[in-house]
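The values are calculated or read from the model by the stated rules, or taken from the named source; none is laboratory data. Owing to the predicted nature of the structure, the values given are computational and were not obtained by experimental measurement. A quick note on method: Cβ atoms are made from the backbone with ideal geometry, for glycine too, and the neighbour counts reach across all protein chains shown. For the accessible areas, the whole protein counts, side chains as well, though only heavy atoms, and no ligand, DNA or RNA atoms are used. Shrake-Rupley method; radii C 1.70, N 1.55, O 1.52, S 1.80 Å.
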Amino acid sequence: QDVILPSIMGKRMKHLVVMFDTSGSIQGEMLSLFMGELNKVIESVNPDRIDVLYWDTEVAAHEVYSRDDMDKLVAKTKPAGGGGTIAACVPQYIKERGIKPECVVMLTDGYVGDWGTWEQPVLWCIVNGSSGSAPVGQTIHVD
């Protein structure tokens, strides 16, 4: 009858990578804001697996969480980094390790030296930082 009715079945993301900018310009308060945004992302897309990576000029830490660990993620995570800001290290890291996420979410203040070349869809969430936009992927500004 060509009728579409609402369903209780929702779409769920299988594999998500969330990247935290932990360069020198990111302080404790900013990292707390990033964690809040991460919680919102988890609630919205309900991923089966999430890789959390911390980066500055290189990937400083890589953590993997399953669906069963999501509620403990913020308490268990251990941010690392503190140097410059070169996002190009991230897609290279992902490619070298054969990580194949459905998308990547980058949490940053937007003061990035090299944005990199990406094979995956990437969403840049610029939190309380630069008013510019990333030259690759999609950019949103979070206040």
query: What are the residues in segment 32-52 that are more than 14 Å from THR77 (Cα to Cα) and not in a helix (DSSP H, G or I), if any?
result: ASN46, PRO47, ASP48, ARG49
statement: The correct count of residues that are within 20 Å of LEU31 (Cα to Cα) and free of Cβ contacts under 8 Å to residues at least 40 places away in the same chain in segment 94-114 is 2
query: Quick check: is even one residue across segment 86-104 under 16 Å from the mean Cα position of the chain (by Cα) and within 16 Å of GLY36 (Cβ to Cβ)?
result: no
query: Has segment 7-15 got any residue that is in contact with a Ser or Thr (Cβ under 7 Å, 6 or more places away or on another chain) and not in a helix (DSSP H, G or I)?
result: no
message: Residues that are closer than 17 Å to GLU29 by Cα, at pLDDT below 90 and surrounded by fewer than 17 Cβ atoms within 10 Å (Cβ to Cβ): does segment 83-91 have at least one?
response: no
task: Hey, can you tell me all the residues within segment 19-31 that are over 17 Å from HIS141 (Cβ atoms), part of a loop (DSSP other than H, G, I, E, B) and open to solvent by 30 Å² or more (accessible area, probe 1.4 Å)?
output: GLY24, GLN27
- prompt: In segment 32-64, what residues are in contact with an Asp or Glu (Cβ under 8 Å, 6 or more places away or on another chain), closer than 20 Å to CYS103 by Cβ, open to solvent by less than 60 Å² (accessible area, probe 1.4 Å) and not hydrophobic (A, V, I, L, M, F, W, C)?
  reply: ASP51, GLU63
